[in-house]
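Below is one structure; the comments refer to it alone.
The values are calculated or read from the model by the stated rules, or taken from the named source; none is laboratory data. Because the structure is predicted, anything quoted here is derived from the model rather than measured. Cβ: placed from backbone, ideal geometry, glycine included. Neighbour counts: every protein chain shown.
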Amino acid sequence: MVDKSKLYFHIHYCNHKETNEDWKDKKITRRIKHHEFFLVTGGKGCIVTEGKEYNLEKGMLFYFKKNNLHSIESDIKDPLNFLSVHFSLAYVDFHEDQWKIVEKDGLKLPVMQRFRNYKVYHIFKKLVMMWSMKMPDYEFRCKIMLQRLLFGIYNNLKQQSTNYSAIVKVEKAIKYMNDNIGRTITLQELSELVSLSPSYFSRTFREVTGYSIIEFFNKIKIDRAEALIMVEDKKIKEIAAMLGFKDEFYFSRLFKRIKGISPKEFYSRNVHGY
DNA sequence: CGCGGTGTGAAATTGAAGTT
DNA sequence: AACTTCAATTTCACACCGCG
């Protein structure tokens with residue numbers, strides 16, 4: 001499971017064809033070093049990749065990972081219309097005051113997915129238009145649009161997945177955690193809330209969020225602690241108590257484990273009194 | 001007091017097999 | 001496919017201790 005907030009993109013270029021002009025080359029076969037999203041917006045054609053052949057229809061979105069070999073063929077009478085964006089991506093993490101950059105070899109997305117709604121289409125179109133117009137700050141704006149596009153793609157995936165109720169249940173549990181941040185919550189309690197067996201819900205939670213329940217609950221507690229340290233003039237001991245920790249030292253250790261520095265150090269680094 | 005190492009019972013997680 | 005049950009294993013949350 002990828003932490004989407006840590007993904008960093010670099011757009012190489014965008015491409016589109018949304019008119020009825022003829023294709024110069026009816027078929028292209030290629031392997032490119034960029035990742036690419038390719039959205040079919042009209043016309044007919046065929047894409048072959050990873051040993052599968054897809055008869056193209058409006059609304060199909062392809063994700064080609066870098067170095068993926070694929071061929072795109074357009075129909076002559078009803079030429080293909082599409083939007084595409086080429087990009088590279090890296091996983092950028094900030095931990096213990098250090099930046100870490102790891103190049104990713106790909107997102108966990110299916111090669112092809114269909115879109116019923118037009119939202120993703122609109123975002124994609126805006127991205128491509130912005131890129132081609134090259135107005136001031138277009139690179140920055142395009143990067144934001146690409147992130148919105150990806151967000152839309154993930155949401156689409158969410159709705160498509162048969163087990164939508166699992167996500168709803170996880171969201172319910174997260175809300176409950178936020179509402180009861182000053183308490184100790186048990187797995188028993190949460191699983192009763194969502195009417196699933198404890199062990200099954202434990203599994204489900206990790207599948208949906210990428211974190212175990214305790215990991216997640218502590219993460220939001222530490223996030224809250226950061227805010228409290230910076231905004232309120234409170235002692236570590238008080239903050240620990242507010243977040244349901246009986247032992248302030250344990251809280252400190254946990255903070256350090258998650259953030260890399262102790263709460264006291266976090267305070268001295270980020271808050272400066274007069 | 002603060003920090004860090006370690007011990008411990010309890011709870012969470014995970015694997016595997018079974019049920020609807 | 002979605003979910004349960006049970007047991008094995010791991011992790012958690014705190015406690016206790018010694019050091020400076």
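Please specify each residue of region A:240-250 satisfying the condition of being near DNA strand B (Cβ under 10 Å from one of its atoms) and assigned to a helix (DSSP H, G or I).
So the first thing to find is which residues in region A:240-250 are near DNA strand B (Cβ under 10 Å from one of its atoms), and the list is A:247-250.
Listed by number, the residues that qualify are A:E248, A:F249, A:Y250.
Yes/no per residue for (1) hydroxyl-bearing (S, T, Y); (2) outside the structural domain of A:R206 (by TED's automatic domain parsing); (3) within 16 Å of DNA strand C (Cβ to nearest atom):
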position	(1), (2), (3)
A:D93	no, yes, no
A:V111	no, yes, no
A:V120	no, yes, no
A:K134	no, yes, no
A:E139	no, yes, no
A:K175	no, no, no
A:T186	yes, no, yes
A:L193	no, no, yes
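If you take the residues in region A:149-163 that are free of Cβ contacts under 8 Å to residues at least 60 places away in the same chain and buried (at least 17 other Cβ atoms within 10 Å of the Cβ), which one is farthest from A:Y54 (Cα to Cα)?
Taking the candidates together, the pick is A:G152.
Going through region A:195-210 one residue at a time, which ones are within 10 Å of DNA strand C (Cβ to nearest atom) and outside any helix (DSSP H, G or I)?
Residues satisfying the conditions are A:S195, A:L196, A:S197.
Does region A:62-77 contain any residue that is of a type in the set (A, V, I, L, M) and modelled with pLDDT under 90?
The answer is yes, given that some residue of region A:62-77 is of a type in the set (A, V, I, L, M) and modelled with pLDDT under 90.
Those residues that are within 15 Å of DNA strand C (Cβ to nearest atom) and surrounded by 13 or more Cβ atoms within 10 Å (Cβ to Cβ), I need them from region A:254-274; list them, please.
If the condition is that a residue be within 15 Å of DNA strand C (Cβ to nearest atom) and surrounded by 13 or more Cβ atoms within 10 Å (Cβ to Cβ), then A:L254, A:F255, A:K256, A:I258, A:K259, A:S262, A:P263, A:K264 are the ones that fit.
I'd like to know if region A:150-166 contains one or more residues that are of a type outside the set (V, I, T), assigned to a helix (DSSP H, G or I), away from DNA strand B (no atom under 16 Å from the Cβ) and within 14 Å of A:V85 (Cβ to Cβ).
yes
Quick one: count up the residues across region A:195-237 that are modelled with pLDDT of 90 or more and within 13 Å of DNA strand B (Cβ to nearest atom).
Looking only at that region, the number is 19.
Restricting to region A:78-113, what's the tally of residues that are surrounded by fewer than 14 Cβ atoms within 10 Å (Cβ to Cβ), more than 23 Å from A:H34 (Cβ to Cβ) and in contact (Cβ under 8 Å) with a residue 12 or more places away in the chain?
Residues meeting the conditions: 4.
Which residues, taken from region A:124-137, are touching a helix residue (DSSP H, G or I) at 6+ places or on another chain (Cβ under 8 Å) and buried (at least 17 other Cβ atoms within 10 Å of the Cβ)?
Of everything in region A:124-137, those that are touching a helix residue (DSSP H, G or I) at 6+ places or on another chain (Cβ under 8 Å) and buried (at least 17 other Cβ atoms within 10 Å of the Cβ) turn out to be A:F124, A:L127, A:M130, A:W131.
Going through A:V120, A:V194 one at a time, which residue ends up being β-branched (V, I, T) and over 23 Å from A:C14 (Cα atoms)?
On inspection, the qualifying residue turns out to be A:V194.
Being under 31 Å from the mean Cα position of the chain (by Cα) and assigned to a helix (DSSP H, G or I) narrows it down to one residue among A:K219, A:K237; which is it? I'd like the intermediate steps shown before the answer.
Details: A:K237 fails: under 31 Å from the mean Cα position of the chain (by Cα).
Among A:K219, A:K237, only A:K219 is under 31 Å from the mean Cα position of the chain (by Cα) and assigned to a helix (DSSP H, G or I).
Just checking, does region A:169-186 include any residue being under 27 Å from A:K264 (Cβ atoms), part of a helix (DSSP H, G or I), in contact (Cβ under 8 Å) with a residue 24 or more places away in the chain and of a type outside the set (D, E, K, R)?
In the first step, residues of region A:169-186 are kept if they are under 27 Å from A:K264 (Cβ atoms); the result is A:177-178, A:180-185.
Now restrict to residues that are part of a helix (DSSP H, G or I): A:177-178.
Subset that is in contact (Cβ under 8 Å) with a residue 24 or more places away in the chain: A:177-178.
With the extra rule that they be of a type outside the set (D, E, K, R), the set shrinks to A:177-178.
Scanning region A:169-186 turns up at least one residue that is under 27 Å from A:K264 (Cβ atoms), part of a helix (DSSP H, G or I), in contact (Cβ under 8 Å) with a residue 24 or more places away in the chain and of a type outside the set (D, E, K, R).
Among the residues of region A:56-66, are any outside the structural domain of A:S268 (by TED's automatic domain parsing) and surrounded by fewer than 14 Cβ atoms within 10 Å (Cβ to Cβ)? First the steps, then the outcome.
Residues of region A:56-66 that are outside the structural domain of A:S268 (by TED's automatic domain parsing), as a first pass: A:56-66.
Filter once more, keeping what is surrounded by fewer than 14 Cβ atoms within 10 Å (Cβ to Cβ): A:57.
Yes, because at least one residue in region A:56-66 is outside the structural domain of A:S268 (by TED's automatic domain parsing) and surrounded by fewer than 14 Cβ atoms within 10 Å (Cβ to Cβ).
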